[in-house]
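Okay, structure first, notes after.
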Amino acid sequence: MKPIALLLIVLALAGCKSQKENRTKCGSVICTNEFVMIPVNVIATKSSQIEFKTYKVIDVATGKEVKNNGFAGKNSPNTIIVADDGHRKNFPEKGEDLQLLITRKDDRVVKVDYKISGGPCACHVSKLSGPDEVDLDQ
């Protein structure tokens with residue numbers, strides 16, 4: 001009976017040891033497995049159709065385009081993804097200034113500013129500032 005009890009105690013301790021938290025230079029971080037995207041809904045208050053030629057997101061500091069993951073417009077053609085978790089390590093914790101540029105059908109460009117945070121210790125990207133909706137008619 002004692003060997004069985006001893007075996008159970010050893011197994012219980014081994015199970016506890018395998019569940020220790022991962023400690024990194026960021027401290028103890030427990031993240032979810034979700035893939036976070038920062039969407040923007042495009043609306044048109046003065047017209048019935050929401051149409052635009054193109055859009056792009058620019059990192060203001062570098063001038064480089066932030067490429068999205070390709071999910072934009074799949075479920076909703078009026079949704080633009082400003083950033084997603086694929087960009088998380090590229091953005092500092094204090095936030096990175098991004099600018100969304102939407103080229104309308106009449107070639108007028110609508111510019112909207114965002115601040116997105118991330119970083120190597122962040123689990124996900126996060127919108128610090130910027131609107132949830134962009135009105136093409138403004």
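A short reminder: the numbers here are calculations on the coordinates, not readings from a lab. Note that the coordinates shown come from a computational prediction; the quantities given were computed from them, not determined experimentally. Cβ: placed from backbone, ideal geometry, glycine included. Neighbour counts: every protein chain shown.
The table that follows gives values for the structure above.
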quantity: Positive-end residue of Ile102, Ser126, Phe91, charge dipole of the stretch 37-135 with Cβ unit charges; calculated: Ile102
quantity: Under 15 Å from Lys56, Cα to Cα: aspartates and glutamates that are on another chain or at least 8 residues apart; calculated: Glu65, Asp84, Asp97, Asp107, Asp113
quantity: Charge dipole magnitude, Cβ of K and R +1, D and E -1 - the stretch 55-138, Cα centre, debye nearest 20; calculated: 240
quantity: Residues Leu98, Leu128, sorted so that the one with the fewest Cβ neighbours within 10 Å comes first; calculated: Leu128, Leu98
quantity: 10 Å beta-carbon shell around Val112, net charge (K/R +1, D/E -1); calculated: -2
quantity: Candidates per GluC sites (Glu not before Pro) in the stretch 61-138, loop by DSSP, up to 14 other Cβ within 10 Å; calculated: Glu93
quantity: Estimated FRET transfer efficiency when R0 is 22 angstrom, pair Glu93-Lys56 (beta carbons, to 0.05); calculated: 0.35
quantity: Ranking of Phe35, Phe91, Phe52 by count of other Cβ atoms within 10 Å, fewest first; calculated: Phe35, Phe52, Phe91
quantity: Kirkwood-type radius of the stretch 73-118, with distances r between different C-alpha atoms, in Å; calculated: 12.1
